[in-house]
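Down below is the structure, laid out as structure tokens.
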Amino acid sequence: MIPKRIALVGPVASGKSTLATEIAGHTGLPHLDLDNLFWGAGWTPVDTKTFQNRVRDALGAETWIADGNYSGPVGEMLLAHAELAIWLDLPLHTCLPRLLKRSFRRAARGEELFAGNRETFRHLFARDSILIWGPAHHRHHRRRWQHHLGPNKPHGLLVLRLTRSTAVASALRDLSLLPTAARGVAACRTP
């Protein structure tokens, strides 16, 4: 039986949004990207209370797959409402090349992200760039998720911790969260 509420967490560029989109497409669960609730125009975060209220309202739905890497009350709310947490606990040497590729692709194509925001090359080389922030916080995020998804996890929350990118698709197929792959064809775009 497919869980009705799934939290998909992990560090920057671990494949959360891509995987959540694929799971949503296969299962029919609505995809909730927490970044869409966090960011306002001009890469300005909405105020804390607004963000928490938006998340609370969205998590009040009966079914969803939510992805994000938020701590504090939002992270606690996410885990408290979820039936299953999928933790992409991938190493930095896997996430960093993905981050570089994704960020440069987005900047080159002018891809719109959240609230009309776009990554630009100027943005990528700024002091507060995601290219600096993501790797600098990788270890911190891992410790935080170990704390919240280990012995301190919410009662009854099932946790699927995936530590190798090569194991992601098969583990999720086993849970019927992704379609069975045709011979020689991977169903999951997340390497």
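The values are calculated or read from the model by the stated rules, or taken from the named source; none is laboratory data. Since we're looking at a predicted model, the values are computed, not measured. Ideal geometry is used to build each Cβ from the backbone, glycine not excepted, and the neighbour counts take in all protein chains shown. All accessible areas refer to the heavy atoms of the entire protein, side chains included, with ligands and DNA or RNA removed. Shrake-Rupley method; radii C 1.70, N 1.55, O 1.52, S 1.80 Å.
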Where a residue in the stretch 112-133 is basic (Lys, Arg) and its partner, wherever it lies, is open to solvent by less than 90 Å² (accessible area, probe 1.4 Å), with Cβ under 7 Å and at least six apart: ARG118/GLY110; ARG118/GLU111
Subset of the stretch 155-175 (residues that are part of a loop (DSSP other than H, G, I, E, B) and either surrounded by 16 or more Cβ atoms within 10 Å (Cβ to Cβ) or at pLDDT 95 or above (or both)): LEU157, THR163, ARG164, LEU175
Selection status of THR63, open to solvent by 60 Å² or more (accessible area, probe 1.4 Å) and hydroxyl-bearing (Ser, Thr, Tyr): no
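Yes or no, residue by residue, for (1) within 30 Å of LYS4 (Cβ to Cβ); (2) open to solvent by 60 Å² or more (accessible area, probe 1.4 Å):
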{"residue": "ALA80", "(1), (2)": "yes, yes"}
{"residue": "ALA85", "(1), (2)": "yes, no"}
{"residue": "PRO91", "(1), (2)": "no, no"}
{"residue": "ARG105", "(1), (2)": "no, yes"}
{"residue": "GLU111", "(1), (2)": "no, no"}
{"residue": "ARG118", "(1), (2)": "no, yes"}
{"residue": "PHE125", "(1), (2)": "no, yes"}
{"residue": "LEU131", "(1), (2)": "no, no"}
Given (1) modelled with pLDDT under 95; (2) more than 16 Å from the chain's Cα centre (by Cα), index of the condition ARG142 fails: (2)
Failed item in (1) without any contact (Cβ under 8 Å) to a residue 60 or more places away in the chain; (2) within 18 Å of GLU112 (Cβ to Cβ); (3) touching a helix residue (DSSP H, G or I) at 6+ places or on another chain (Cβ under 8 Å), with THR21 passing the rest: (3)
Yes/no for ASP57 being acidic (Asp, Glu) and within 23 Å of TRP133 (Cα to Cα): no
Answer residue from the stretch 176-185, given it is within 15 Å of LEU19 (Cβ to Cβ) and aliphatic (A, V, I, L, M) and is modelled with the lowest pLDDT among those: ALA181
